[in-house]
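Input: a single structure, listed below in structure tokens.
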Amino acid sequence: MQRASFYVLLLCILKYVGIVLAICTVKKHEGGNGNRLQCSNVTLQTMSNQTVDISTIIIFNSDIRYIPERAFMKFARYLQSLNVHNCNVSDIHSEGFNGLSSLKTLNLPNNNISRVKEEWFKDLVYLEQLDLSFNQITNIEPAVFSRIPLLKRFDIRENRLTCLDPSTLPGGIDKVYLFRNPLSFKCRGKLTLWMRNHGIRGRTEMSEKEEEWLDKPLWHCAISDANVAKSEILMKECVILNLFNQLRTGLTTAESYPLDAKCSAERNRLTDCVTMEAQQFQTYTNGNVIKKLLLYLHQTKSTVST
């Protein structure tokens, strides 16, 4: 009997804690207009009980797996920024953002979205910033960007995109963050060239160090030959050759590890080997290429040492 009473008491305590942790606060924007509503561990029903003169909504650390029809319609008159992050969102009703014609910023990072649909954006005609980073996105419907012609900043980092057609992006966009997506060489080369031609910034200070090493050979390969830019296999061959040339140059000029002219022939042999493997299996993997590079370096170092 005492044990049963203990469990009942424990359940009551947990229920009470759950209610306490569902927190919403409303604060006046410092130096700005309107109020900011910030909520954690809430449902959309709980949040909808708040006052209506809200210009910014921030929802985080909640379990909102689905954004239903007209979910934020109550705040439509003043709402300019909507942020829903780390809330397990995986899908949105076609009318989920209905009426939010004043919205300028939509942030949905750290969720479970896999497909971005055109219908979500039909009322967001003044949207300027869209953050979809850290999701599971494999597909963005091409017509999405025709719905948001004023978009200036697009963040799609840390997703599963294999390609994004730059011709679908709005003409006024000036920042696109794409890194850590499994983009094909052909697509990434096309994007890199397009972004440089249009003066679009695509890296943050941190990502520049991480990815510039690949952007440079991609850009070079994309502009060197139109046929190369159109072929996934030729782009891979070109990038591998450029990277290997950089590696060879670095090793040749290193005082502690000099290599002679025979490296050129070995490099060509390695490149031919990688190309033949790609033609046979119709695929490249980073692991296979790196394995071959390391194997070659090991063999070369052993030869030099002896």
Residue among Lys74, Lys15 that alone is over 27 Å from the mean Cα position of the chain (by Cα), assigned to a helix (DSSP H, G or I) and modelled with pLDDT of 85 or more: Lys74
Restricting to region 51-71, what's the tally of residues that are assigned to a loop (DSSP other than H, G, I, E, B) and crowded, with 17+ Cβ neighbours inside 10 Å? 3
Is there a residue being over 20 Å from Val42 (Cβ atoms), at pLDDT below 95 and acidic (Asp, Glu) anywhere in region 149-159? yes
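The values are calculated or read from the model by the stated rules, or taken from the named source; none is laboratory data. Every value quoted in this text rests on a predicted model; they were computed, and no experiment measured them. Here Cβ is always computed from backbone atoms with ideal geometry, including for glycine, and neighbour counts include all displayed protein chains.
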